[in-house]
Structure formats: C-alpha cells, structure tokens
Amino acid sequence: MQRDYFVHESAVIDENCKIGQGSKIWHFCHVMSNSTIGPNCILGQNVLVSKGVILGENVKVQNNVSIYTGVICEDDVFLGPSMVFTNVINPRSAIIRKNDYQKTIVRKGASIGANATIICGNEIGKYAFVGAGSVVTKSVNDYALVVGNPSKQVGWVSEYGHKLNFDKSGVAICRESGQKYRIAKEMVWREE
C-alpha cells in the first residue's frame, strides 16, 4: 500500500498511528502508538510524539520537540525549536505516575516560541503567542501574548501574529491583514 505522506528512513513509526495526507516526518523522529497526526503536518528532526497525542491539520513542529501523552494540538499550531511540554506536575524517577498525566490543549493557530516550557494541565488559547524561553504556568487567553518566567501577558496579537493596539473604543486593526479585533472584559475576538 502506498503512503500519501513522507517518512524519512531514520524515523520510527509504531503500530496503530494515524498520519494524515501530505504530512512530512523527518530525521530521527519517533511517533508512538495510538497517536494521530493530521494532514499537512511537518515534524522536524528529532521529534517525539508520545502515545495518544493528537495533532490537528497543518501543525508545524520544529526540531528537538517532545510532545508527551496528554497533549492535544488543534489545527495550524506552531511549536518552536526545543520547546518543552510536561505531563506530570511532580515527577519522580522512583514513583510511577502514568495515571496522573494531565491534559494540555493548544488551541487553533497558537504559536509557542523556541525553548518555551508549557507546564501540564494548561490551555493555550487560539492564536495566542508564547514568547521564546517563556515558562507557562497557567492557561493563556485567546490572542494573548505572553513572555517571561513565569510567563506574564504583555499584550494581544492578531491571527497573523502582530501586536494589537486597541483604541479608546476597544478596536484594533491588524497591520498586515486589515482584520478588525475588539477587546472587552479582558477578552479579544476578531470581528467578521
């Protein structure tokens, strides 16, 4: 049977994985059993996708990322080089905590920068932007820009990743797309 996705010869794909059409899995990757990789995803060099992980459509995973059990990435998510997910709050080598894995959800269009760490049990909102090197210890709002250790929200971004500057009426326009955004009660949304 011919595959409709690419797997480099050095990659390992375990049994019972679902891999979508047009996806590319590069050098030294390991995709573990019962994981799902949607269509048109790219897994860079040395990526681990653990058991049961779900990646939506068009997810881009840069080099040296481990996506552990409990992580779900929706469509159009970007995971920067060497960023880190956790899946247990208090890991110990001598204590087995496989029943304590916590779910982490990265919503549609979110980007996580290089070397960032996402502590398990949190949700990264849609189109949120986590700056490089940030340590996320709590959930992140849709369209939020967070940076630092621990991460703090420093602004809002458009779906194109540009910082939004809201006027007195609570409206901002993305400088690249011209899309209109509104803010109220610490929530941002795009107006159609």
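Readers should treat all values here as calculations from the given coordinates under stated rules, not as data from a laboratory. None of these values were measured; they are calculated from a predicted model. Every residue, glycine among them, receives a Cβ derived from its backbone with ideal geometry; neighbour counts consider all protein chains shown.
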Rounded, prolate or oblate for the stretch 88-192? Axes are the square roots of the Cα gyration tensor eigenvalues, ordered a ≥ b ≥ c, and the cut-off for rounded is a/c under 1.5. prolate
Over the chain, what is the relative contact order in whole percent, taking alpha-carbon pairs under 8 Å and six or more residues apart? 10 percent
Relative contact order of the stretch 59-143 (C-alpha contacts under 8 Å, at least 6 apart) in percent is 27 percent
Taking the Cβ of Asp167 as the centre, find all other residues whose Cβ is under 12 Å away and add up their charges (Lys, Arg: +1; Asp, Glu: -1). +3
HN-Hα J couplings of the stretch 128-136 from phi, Karplus 6.51/-1.76/1.60, θ = phi - 60°, integer Hz, Gly and Pro as x? 5, 10, 9, x, 3, x, 6, 10, 8
Amide hydrogen neighbours beyond the local backbone of Val135, cut-off 5 Å, H modeled: Thr117, Gly148, Asn149, Ser151
In this structure, the FRET efficiency calculated for Arg97 and Lys185 from their beta-carbon separation, with R0 = 35 Å, to the nearest 0.05, is 0.40
Label zone at Lys51, where the point sits 7 Å out along the Cα-to-Cβ direction: the stretch 96-117 residues whose backbone N lies under 13 Å: 97-101
Taking all pairs of distinct Cα atoms, average 1/r, flip it, and tell me the Kirkwood hydrodynamic radius of the chain in Å to one decimal place. 17.3 Å
Rounded if a/c under 1.5, otherwise prolate or oblate - the stretch 1-70, Cα gyration tensor axes: rounded
